[in-house]
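Participant: Here it is, the structure, as structure tokens.
The values are calculated or read from the model by the stated rules, or taken from the named source; none is laboratory data. Just so you know, these numbers come straight off a predicted model, no measurement behind them. With ideal geometry, Cβ positions are generated from the backbone for all residues, glycine too; neighbour counts draw on all protein chains shown. Heads up: the accessible areas ignore ligands, DNA and RNA and are worked out on the full protein's heavy atoms, side chains in. Shrake-Rupley method; radii C 1.70, N 1.55, O 1.52, S 1.80 Å.
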Amino acid sequence: MEFLRRLKGRDTPSTASSTNADAEKRPVMVRMGIRERFRPRIILMAVFVSMGGFIFGYDTGQISGFLEMSNFLARFADTTNPKTGDPALTNSRSGTIVALLSIGTLLGALFAAPIADKFGRKPSITFWCIIFCVGVIVQIATGDKWYQVAIGRWVAGLGVGGLSVLTPMYQSETAPRYVRGALVSCYQLFITLGIFVAYCINFGTEADDSARSWKLPIGIGFIWPTIMSVGMLFMRESPRWDYRHGNIDEARGTIALSYGTAEDHPEVNREMSEIKAKLDAESACGGKHPWYEIFTGPKMAYRMLLGITLQALQQLTGANFFFYYGTSIFTSVGLSNAYVTSMILGGVNFGTTFPGLYIVERYGRRPSLIIGGLWMFMCFMVFSSLGHFALSRNDPTSTPIVGYAMIFFACLFIAGFAMTWGPIVWALVGEIYPSRYRAKCMALATASNWMWNFLISFFTPYITGIIDYRYGYIFAACCFTGALVVYLFVCESQNRTLEEIDTMYILGVNPIKSKHWQPPDGEELPSLDSTYIAPGASGNRERNEAGVPFGEKREGATEAQNGGVLEASVSWQ
């Protein structure tokens with residue numbers, strides 16, 4: 001019982017136990033400053049791998065500008081503006097063009113998991129970059145067929161969806177734990193950079209009356225997957241994928257490179273032993289497991305639902321309400337050049353993501369997401385109230401002060417999103433799943449993100465046409481809900497290994513108190529892969545080393561055999 005209390009974090013391991021513990025199993029934090037933490041290899045990983053986020057951000061930022069360009073409208077419009085008589089797009093056509101990217105990303109995210117598990121993370125990233133380039137070619141080759149633009153965006157979306165799974169997965173499996181949150185969050189940083197760059201390029205080409213105004217920005221999209229594909233040539237395969245496929249020496253070398261230490265350093269030995277223990281446990285149980293164990297494994301339904309919910313709530317914060325339709329929204333506010341407004345929003349989004357990389361490691365995941373959710377709730381309440389009650393509907397230019405106040409609170413909202421929910425959700429989803437199921441779980445969670453991305457982008461024109469800026473109240477409620485979900489269900493994973501995070505969820509550590517939970521010194525961490533799961537079974541009970549199901553007493557058996565460490569701790573979902 002003493003050990004069980006320590007395992008749940010109710011007691012601090014004694015000095016004696018720490019002294020006698022196996023050095024390879026004790027956390028041996030590498031002491032280093034900022035310069036040592038962000039060595040050239042870490043920076044290269046951040047730049048090249050996170051380019052997957054840039055590709056998504058750039059494609060997102062493009063389309064909001066295209067919908068207002070004169071040449072684009074002249075070629076693809078299906079109606080006219082009732083006020084000016086100029087060509088315009090109906091809500092159904094503009095919604096389809098915008099939203100088909102999200103349908104492609106949803107499918108790409110689902111296909112990415114089996115491909116990455118079979119062929120590896122590194123070659124899979126290059127494959128999805130090629131798919132994105134095919135989509136760019138389809139778009140740029142069109143003349144006057146709007147559906148070709150839509151189909152091209154769908155194909156490009158397949159690539160974006162695959163990269164949206166692989167980028168945070170590769171970062172989380174390869175990065176040192178002391179910079180893992182910041183490194184995975186770089187995916188969101190590059191999304192914001194891509195959006196900002198797209199806004200700037202749109203601003204530079206929108207005055208051109210030829211097809212160059214929109215074809216040139218699309219063509220520039222070839223640059224980013226090329227940079228990513230070339231950069232991945234200098235990266236190594238994920239150490240966890242390598243180890244699970246027999247490349248043990250390569251895995252050890254990659255971990256040592258990531259930490260900037262010798263291959264026999266205690267921190268490297270510790271991670272290697274944890275990876276080995278997981279693989280050995282899985283192999284002992286048959287090695288192969290049905291896909292539905294991502295829901296039936298211990299605490300897997302809880303984590304699966306949590307990841308899906310967090311990714312959905314990231315979209316339901318309403319950030320893409322501004323990014324997809326920013327140009328159109330702020331034209332109605334009366335600004336002379338809405339492209340300038342979009343650049344301002346994009347600049348705020350990009351610039352404020354940098355503090356987010358610090359916040360996620362300095363203050364942790366939970367407090368950052370909770371405070372960020374409440375901040376965005378406040379901003380959307382003010383924005384929506386001003387838009388509905390104070391902004392003139394007949395002539396928005398007659399209430400310029402209200403318009404600028406709305407832009408101000410939109411910037412405050414985007415700053416809060418960029419520092420918290422934007423980057424940190426990607427980090428969390430890359431951390432909470434065990435190695436065996438990480439690819440499949442991240443694919444489903446990310447598919448949730450893209451599904452809501454599609455729903456919001458497609459239906460926003462219809463909804464705003466009916467309830468105008470009151471639409472923001474829905475997003476405000478979702479922001480508040482997000483803060484509540486994090487407070488009640490998300491465990492703090494700051495400065496913990498992926499194996500420790502797995503253990504926290506398996507033991508049912510109280511999320512509210514999870515920051516203070518301490519793993520046991522000198523003992524193997526209980527984890528999903530160290531439980532007894534028969535291949536093809538659903539809901540089998542865990543067994544201890546003596547073969548006795550946990551919680552079941554047998555006459556003549558020792559206390560350890562009759563309950564072991566997990567007797568009162570592990571439960572199935």
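Participant: Only residues that are assigned to a helix (DSSP H, G or I) and at pLDDT below 80: list them for the stretch 467-513, please.
Facilitator: Of the stretch 467-513, the ones assigned to a helix (DSSP H, G or I) are 467-489, 498-506, 511-513.
Across the stretch 467-513, the qualifying residues are ILE467, ASP468, LEU498, GLU499.
Participant: Quick check on my filter: what residues within the stretch 378-394 are surrounded by 16 or more Cβ atoms within 10 Å (Cβ to Cβ) and either modelled with pLDDT under 85 or not aromatic (Phe, Trp, Tyr) (or both)?
Facilitator: Pass one, the stretch 378-394, residues surrounded by 16 or more Cβ atoms within 10 Å (Cβ to Cβ): 378-388, 391.
Matches in the stretch 378-394: MET378, CYS379, MET381, VAL382, SER384, SER385, LEU386, GLY387, HIS388, LEU391.
Participant: Counting only residues that are farther than 17 Å from ILE191 by Cβ, assigned to a helix (DSSP H, G or I) and of a type in the set (A, V, I, L, M, F, W, C), which one in the stretch 221-232 is farthest from the chain's Cα centre (by Cα)?
Facilitator: The qualifying residue farthest from the chain's Cα centre (by Cα) is VAL230.
Participant: Let me ask another. Taking the stretch 123-149 on its own, how many of its residues are at pLDDT below 90 and either among the charged types (D, E, K, R) or touching a Leu at 6+ places or on another chain (Cβ under 7 Å) (or both)?
Facilitator: Counting residues in the stretch 123-149 that are at pLDDT below 90 and either among the charged types (D, E, K, R) or touching a Leu at 6+ places or on another chain (Cβ under 7 Å) (or both) gives 2.
Participant: Look through the stretch 243-291, keep the residues that are basic (Lys, Arg) and open to solvent by 50 Å² or more (accessible area, probe 1.4 Å), and return whichever of them is modelled with the lowest pLDDT.
Facilitator: Out of the qualifying residues, it is LYS288.
Participant: I've got another one for you. Just for the stretch 106-154: of the residues that are more than 23 Å from PRO168 (Cβ to Cβ) and among the small types (Gly, Ala, Ser), which one is surrounded by the most Cβ atoms within 10 Å (Cβ to Cβ)?
Facilitator: GLY152
Participant: Sticking with this structure for a sec: How do the helices (runs of 4 or more DSSP H) wholly within the stretch 85-191 filter down when requiring 3 or more residues that are without any contact (Cβ under 8 Å) to a residue 12 or more places away in the chain: which remain?
Facilitator: Because the criterion is at least 3 residues that are without any contact (Cβ under 8 Å) to a residue 12 or more places away in the chain, the helices (runs of 4 or more DSSP H) in the stretch 85-191 that meet it are 91-119.
Participant: Does LEU100 qualify as being more than 24 Å from the chain's Cα centre (by Cα) and surrounded by 15 or more Cβ atoms within 10 Å (Cβ to Cβ)?
Facilitator: Here the answer is no, as LEU100 does not meet what is asked.
Participant: Among (1) small (Gly, Ala, Ser); (2) within 30 Å of VAL425 (Cα to Cα); (3) not in a helix (DSSP H, G or I), which single condition is GLY194 missing?
Facilitator: Failing condition for GLY194: (3).
Participant: I would also like to ask the following. Which one of the conditions (1) hydrophobic (A, V, I, L, M, F, W, C); (2) farther than 16 Å from LYS299 by Cα; (3) open to solvent by 10 Å² or more (accessible area, probe 1.4 Å) does ALA443 fail to meet, given that it meets all the rest?
Facilitator: (3)
Participant: Got at least one residue in the stretch 395-416 being surrounded by 18 or more Cβ atoms within 10 Å (Cβ to Cβ) and under 28 Å from ARG496 (Cα atoms)?
Facilitator: yes
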